[in-house]
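K.L.:
I have a structure here, written as structure tokens, and I will follow up with some questions on it.
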Amino acid sequence: METAAAVIAALERAPGVVVPLIREVPGVLLKRRPAPGKWSAHEHACHLAVVHRLFFDRLEEILAAPAPIITPYDPGTNDPDDLLMNMDLDDSLRKYVDDRRRLVDRLRRLSVDEWRRVADHGEYSHYSVLIMFRHLALHDFFHAYRIEELLLKREWMAEWQAAIEHRGETM
């Protein structure tokens, strides 16, 4: 299955993009929210570690249940507002990398029929193991994009430059 192989490759590569990207964000900006209710770079990165358990659980449910039903997850509704802000970034990144490695190993062992297994999802017209993990790959890069937007935010340039100068680096 070519698409499954492409999804696995994207999932495997994502930490190599996300981790160095979040490390570029100066400490002074890591937890800065662009607006009330909008996530900081720190929160976007920590969220990637949090969702792995959800996807491991969903995979096992889809593979085991005869008619699996997937409950949508909305971190803005399901989690306290400060959950991600209070997480340790280094621990979260280690967990993200380790869990991703385990997930990729698990996905490589799936049969073609297992990739095609379907579930009823409360938000989507159709849902399968393939769709779920394609969604996760896109989700990783969506959050990476949001981190980069915050890193490059023009209005925060003076703080960014001051942080860089303080570390003795040049732009």
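K.L.:
If you line up the long axis of helix 157-166 against the longest principal axis of the chain, both from Cα atoms, how many degrees apart are they, to the nearest 10?
P.N.:
70
K.L.:
In Å and whole numbers, how far do the C-alpha atoms of the chain stretch along each principal axis, longest first?
P.N.:
57, 31, 25
K.L.:
Cα atoms only: what Rg and Dmax, in Å, come out for region 1-63?
P.N.:
Reported Rg and Dmax, both Å: 15.1, 45.
Every number here is computed from the coordinates shown, using simple stated rules; none is lab data. Bear in mind the structure is a predicted one, so any value in this text is a computation, not a measurement.
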